[in-house]
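*Asks:* Take this structure, written in structure tokens, and hold onto it; I'll ask about it next.
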Amino acid sequence: MTLLAFETSCDETSAAVVRDGRVLSSAISSQIKLHAEYGGVVPELAAREHLRNLIPVVQTALCEAGVQPGQLDAVAATQGPGLPMALLVGFKAAQAVAFALRKPFVGINHHEAHLYSPWISQQSAPLAPPGGERVVGDRVRGGNVGGFFVADFTAFQPNISLIASGGHTMLVLVETELKHRVLGSTVDDAAGECFDKTGKLMGLPYPAGPEIDRLAEQGNPKAYDFPRPLLNDPGDDFSFSGLKTSVRYFLRDHPGILDDAQRVRDLCASIQAAIVEVLVKKTIRAAKRNHVCCVTASGGVTSNSALRRELARACEREGFELRLAGKSLCKDNAAMVGILVERKLLHHVPVTELDSEIKPGWVLT
Ligand code: KG4
Ligand code: ZN
């Protein structure tokens, strides 16, 4: 089965071609630079950029995969949750392609796609026509750099899945393939939002998560003690706005700290340690309570080096298998959309009507 998938829920315009569990191509045009000027994603600008970039991105995906539109068996897109106008661009374009080709169309929940991205891994030997990095104009970047991504669901086992991104933080029990139950989510800020907002307080550019990660590598995580919100709460919910507020007060009370490069690194490491400790301990606790043997993690924050390291340590200590989404699949991408929809079609999940609408507030349950 060959699918073309679209993802435009936030600030990445992405299209991918998936065939029989293999990601033949994954093209992404990121808008990070555009939104950095404004210190966060501007929904109206995001939608306009999607409109501008979608066709070159789709062309890149088809071209890299060596697939003609007539060879497609199905079309997939993110239906929600996300920014309404951004979702609309990719979702309606995908429906139009499905209509024109008279092929089945499936709209999916963005978070459900994240749940299965850790089962896609990179194979070093190319299994399909070599993709390599391809830049079209100055914006579109092909994704199959240095190898091909293949989904392996034969290895699937029940797991606790952590999704940590700029908009969401949640723990999900994935009982069998395509059957899951959300155990908890953030009651206020998401983990990525906490990285971004505390970074902004320190004067770091948006998005601050990767920069805090980089600076923290040379900082002392024990230099400053920040709260670990809801760490000792028996539930699976998260809360990060209190941590952000405590960093705000800390900076107010230590005004000179931002002039000292080493103290800034220590501050980054200390904030990161608080976020990571909460994410790791709550994930492990949920895995133990639900008697699963496997932990998975995905979403932009899963790129964080300390989170990857600490999850690996904790899973090793507790005897859990750990599957982390590959770094290029942590951020939003259409490859995970295509892989999920292919699984759904193989499991005979009903297709989505061509006149169905986006679901910007679609909550995964
Ligand atoms: O999943 P994503 O690309 O987009 C959505 O929010 O859906 O996640 C973006 C978030 C941002 O908050 C960004 O700061 C954070 O992921 N992030 C990181 C790192 N890379 C991205 N946070 C901490 N460390 C990183 N290395
Ligand atoms: Zn996402």
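Every read-out reported here was derived from the displayed coordinates using simple, explicitly stated rules and does not represent laboratory data. The model shown is predicted, which means the values in this text are computed figures rather than measured ones. Here Cβ is always computed from backbone atoms with ideal geometry, including for glycine, and neighbour counts include all displayed protein chains.
*Asks:* What is the packing order of peptides 355-364, 155-164, taking the mean over residues of other C-beta atoms within 10 Å and listing the highest first?
*Replies:* Details: 355-364: 15.4, 155-164: 22.9.
Going by the mean number of other Cβ atoms within 10 Å, highest first, we get 155-164, 355-364.
*Asks:* On to the next question. Looking at Ala27, Gly90, Phe320, which one has the Cα that reaches farthest to the positive end of the dipole of the chain (charges on Cβ: Lys, Arg +1; Asp, Glu -1)?
*Replies:* It is Phe320.
*Asks:* Enumerate the whole-percent occupancy of each 10 Å bin, from 0 to the last occupied one, for all C-alpha pair distances of region 54-106.
*Replies:* 24, 54, 22, 1
*Asks:* Compute the angle between helix 334-346 and the longest alpha-carbon principal axis of the chain, please, reported from 0 to 90 degrees and rounded to the nearest 10.
*Replies:* It works out to around 60 degrees.
*Asks:* Can I ask one more? Helix 305-318 versus the longest principal axis of the chain: what angle, 0 to 90°, nearest 10, using Cα atoms?
*Replies:* Approximately 90 degrees, to the nearest 10.
*Asks:* Using a Förster distance of 30 angstrom, determine the FRET efficiency expected from the C-beta separation of Val363 and Arg252, and round it to 0.05. List each step's numbers first, then the result.
*Replies:* Details: r = 36 Å, r/R0 = 1.19.
That pair, Val363 with Arg252, gives E of 0.25.
*Asks:* Take the Cβ-Cβ distance between Arg313 and Cys293 as r, set R0 to 30 Å, and report the resulting FRET efficiency rounded to the nearest 0.05.
*Replies:* Working: r = 17 Å, r/R0 = 0.57.
Once the sixth-power term is evaluated, E becomes 0.95.
*Asks:* Separate question: Could you give the angle, 0 to 90 degrees to the nearest 10, between helix 43-65's Cα long axis and the longest principal axis of the Cα atoms of the chain?
*Replies:* Approximately 50 degrees, to the nearest ten.
*Asks:* Select from Tyr249, Cys293, Cys268 the residue farthest towards the positive end of the dipole of region 244-300; place +1 on Cβ of Lys and Arg, -1 on Cβ of Asp and Glu, and compute about the Cα centre.
*Replies:* Farthest along the dipole direction, towards plus: Cys293.
*Asks:* Oh, and also: Say R0 is 22 Å: what FRET efficiency, to the nearest 0.05, do Lys179 and Leu354 get from their beta-carbon distance? Please list the in-between numbers first.
*Replies:* Details: r = 27 Å, r/R0 = 1.21.
FRET efficiency, Lys179 to Leu354: 0.25.
*Asks:* Using only the alpha carbons of region 219-365, what is the convex hull's orientation-averaged projected area in square nanometres?
*Replies:* Values: hull surface 48.7 nm².
Value for region 219-365: 12.2 nm².
*Asks:* Within region 1-23, what residues put their amide N at less than 12 Å from the label point 7 Å along the Cα-to-Cβ vector of Ile32?
*Replies:* 12
*Asks:* Considering only Cα-Cα distances, which of the following residue pairs are longer than 28 Å: Lys281/Lys331; Lys179/Lys200; Lys179/Lys327; Lys282/Lys327; Lys179/Lys244? Intermediate results must be reported in sequence, preceding the final value.
*Replies:* On the way: Lys281/Lys331 23 Å; Lys179/Lys200 38 Å; Lys179/Lys327 25 Å; Lys282/Lys327 22 Å; Lys179/Lys244 34 Å.
With Cα atoms farther than 28 Å apart: Lys179/Lys200; Lys179/Lys244.
*Asks:* Could you work out the per residue convex hull volume over the alpha carbons of the chain, in cubic angstrom? Mind showing how you got there, number by number?
*Replies:* Numbers: hull volume 47.7 nm³, N = 365.
About 131 Å³ per residue, rounded to a whole number.
*Asks:* Order the peptides 15-22, 67-74, 249-256 from the highest to the lowest mean number of other Cβ atoms within 10 Å of their residues. Spell out each step's value before the answer.
*Replies:* Working: 15-22: 24.8, 67-74: 14.9, 249-256: 11.0.
Result, highest mean first: 15-22, 67-74, 249-256.
*Asks:* Which of these, Thr245, Thr198, Thr154, has the largest mean-square fluctuation under a Gaussian network model of the chain (Cα springs below 10 Å)?
*Replies:* Looking only at Thr245, Thr198, Thr154, the biggest GNM fluctuation is shown by Thr154.
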